[in-house]
Amino acid sequence: MGKLHIVLGTALVLVLAIAVATQADEVPDHVYTALGNHFYKQGDLDRAVALYEHSDDHRAEHNLGLIAYEAGDGETAERHFREALETKPDYAHAWDSLGILLFELGRLEEAGDAFRMALQYESNNPQIHYDLAISIANNVRDGNGEVAELEEAIVHFARAEELDPGYAHATNNIEVLQGILN
């Protein structure tokens, strides 16, 4: 535990040194977020979390959600994703992450809504189109949607394929859903 405090202390000293060098009264949130990102990429989640918690940046909040999600804490992850969206409602990555979490929690209709929001802000992302299509198809499969909704899923699978030819199994999924509709 002592080494953690030394290294974390060193990171915070670096943050303060940056603030002094830039003559800032306070350390900007993006500095904490950037240092947190460094430790997150290194797999040092304790340091990343400590730095993110010093930031009000939407990306830091989102990354706290990702860390909670990876730890299997869906409730905390959802709270962080939603807090990131309160700060920056047009943050497509947070909408997508929220959608994935809700999908995995079986809240398919809410997941679809989150993916649709993500697409409002990042319409050329094949992964989000694919995720929405899967969410719609599973919602129909589970009896919570109408078969006619599969048309929307086909549109999103097709868009994923258009944006990234050969994307996942988009073409195969289109064929399966068209078979169900015919």
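Every read-out reported here was derived from the displayed coordinates using simple, explicitly stated rules and does not represent laboratory data. Since the model is a prediction, treat every value here as computed from it, not as a measurement. Methodologically, a virtual Cβ is constructed for each residue, glycine included, from the backbone with ideal geometry; neighbour enumeration extends over all protein chains shown.
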So for R0 = 41 Å, FRET eff. of ILE180-GLU53 from the Cβ-Cβ r, to 0.05, ends up at 0.30
Report, to the nearest 10°, how far helix 74-87 tilts away from the longest principal axis of the Cα atoms in the chain, using its own Cα long axis and a range of 0 to 90°. 80 degrees
If you count, for each residue, the other Cβ atoms within 10 Å and average over each peptide, how do 84-90, 60-66 line up from highest to lowest? 60-66, 84-90
Cα long-axis angle, helix 126-141 against the chain (0 to 90 degrees, to the nearest 10): 50 degrees
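Tell me what the chain gives for mean residue ellipticity at 222 nm when only DSSP H runs of n ≥ 4 count, each as -39,500 (n - 2.57), the sum divided by the residue total, rounded to 500 deg cm²/dmol. Don't skip to the answer; put the middle values down first.
On the way: 10 runs with 138 residues, N = 182.
So the helix-based figure for the chain works out to -24500 deg cm²/dmol.
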Select from TYR121, ASN138, SER55 the residue farthest towards the positive end of the dipole of the chain; place +1 on Cβ of Lys and Arg, -1 on Cβ of Asp and Glu, and compute about the Cα centre. SER55
Compute the helix-to-body angle for 2-21: its Cα long axis versus the longest principal axis of the chain, expressed 0 to 90° and rounded to tens. 80 degrees
With label points built 7 Å along Cα→Cβ from the Cα atoms of ASN124 and LYS88, find their separation and express it in nm. 1.9 nm
Estimated vicinal HN-Hα couplings, Hz - region 55-64 in sequence order (Karplus 6.51, -1.76, 1.60; Gly, Pro = x): 10, 9, 6, 4, 5, 5, 4, 4, 5, 4
Would you calculate the separation in nanometres between label points at GLU110 and ASP29, each defined as 7 Å from the Cα along the Cα-to-beta-carbon direction? 2.4 nm
